[in-house]
Amino acid sequence: MVTFQAAMSDATPPPAQPSTATCARCEKTLTEGDRVLAADRAFCRSCYEVLKFELQQAVARMSQDINYPLATLGAVLGGAVGALAWWGFTVLTEIGFGLVAVVIGFLAGHGAVRFAGGKRSAGLQAIAVTAGALSFLVAAYLVNMTFINQALQQRGETWRIPFPPHSVDMFYRVLAVNFGLMKLVFLAIVVYEAWVIPRPPKLDLAA
Ligand SMILES: [Zn+2]
């Protein structure tokens, strides 16, 4: 295109907008009614339609033929690694540094995408959000369990909070010990991360 314009500039004065004078795909000279601007380039209408179609096909393929069982495994593994990291960090430092919880959402989202072979879809988003949120709750349970058991030990008590919990009710009650606003914020961050990472790209095309 540069050489084409260089050749043209000998014969005619350069157009006001050199980059939009010809189609960036087929190099045909564009007229007012036959010019579509996309990003910093201009295309003739037919080339633009072809490119738009190809792009739509590529994006559609990205959400097709997804191995959901494998993606679920990836999200669960990612969430589990993140939960263990947060549990370990909190028990070692004795600080409930919830920002580490971001790691849970990040790993759940990337686990789903990676195990699905780089695909993205609303289904993957749902899987990642579910795995991320559950991992966060399990991590919060593990943290409380550890601190409660330490307190029990210091008091000379012989019973311990188990993992896994014996019932949903036990799970809930251990979580409820200190489930405040900050935990909700961290949970929201986990959900947001897990939602954004497997999100299919949005097609933002000029009409
Ligand atoms: Zn063209």
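The values are calculated or read from the model by the stated rules, or taken from the named source; none is laboratory data. Quick caveat, the model's predicted, so the values are computed rather than measured. Virtual Cβ from ideal backbone geometry, glycine too; neighbours counted across all protein chains shown.
Things worth noting here:
Each row is one residue, and each column tells you yes or no for (1) more than 16 Å from the chain's Cα centre (by Cα); (2) at negative phi; (3) not assigned by TED's automatic domain parsing to the domain that holds G118.
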| site | (1), (2), (3) |
| --- | --- |
| Q57 | yes, yes, yes |
| A60 | yes, yes, yes |
| S63 | no, yes, yes |
| T72 | no, yes, no |
| L77 | no, yes, no |
| V81 | yes, yes, no |
| W87 | yes, yes, no |
| T90 | yes, yes, no |
| T93 | yes, yes, no |
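- Taking first residues from the stretch 84-95 that are among the aromatic types (F, W, Y) and partners that are at pLDDT below 85 and part of a loop (DSSP other than H, G, I, E, B), the Cβ contacts under 7 Å between residues at least 6 apart in sequence or on separate chains come to F89/F97.
- Apart from one condition, G156 fits all of (1) part of a helix (DSSP H, G or I); (2) at pLDDT 95 or above; (3) of a type in the set (G, A, S); the exception is (1).
- Tally of residues being closer than 29 Å to V113 by Cα, near the ligand (Cβ under 9 Å from one of its atoms) and part of a loop (DSSP other than H, G, I, E, B) across the stretch 38-65: 0
- In the stretch 136-159, the residues that are in the same structural domain as A83 (by TED's automatic domain parsing) form Cβ pairs under 8 Å with partners that are of a type in the set (D, E, K, R) and part of a helix (DSSP H, G or I), at six or more places apart or across chains, as follows: A140/K183.
- Checking each residue in the stretch 100-112 for being of a type in the set (A, V, I, L, M, F, W, C), surrounded by fewer than 23 Cβ atoms within 10 Å (Cβ to Cβ) and touching a residue at least 40 places away in the same chain (Cβ under 8 Å) picks out V102, F106.
- Some residue of the stretch 103-121 being among the polar types (S, T, N, Q) and assigned to a loop (DSSP other than H, G, I, E, B): yes
- Checking C23 against (1) outside the structural domain of A140 (by TED's automatic domain parsing); (2) under 29 Å from the mean Cα position of the chain (by Cα), the condition it does not meet: (2)
- Filtered by the rule that a residue be surrounded by 14 or more Cβ atoms within 10 Å (Cβ to Cβ), not charged (D, E, K, R) and not in a strand (DSSP E or B), the stretch 23-37 gives C23, A24, L30.
- Of the criteria (1) part of a helix (DSSP H, G or I); (2) at pLDDT 95 or above, which one V185 fails: (2)
- So A24, is it within 28 Å of P201 (Cα to Cα), away from the ligand (no atom under 16 Å from the Cβ) and modelled with pLDDT of 85 or more: no
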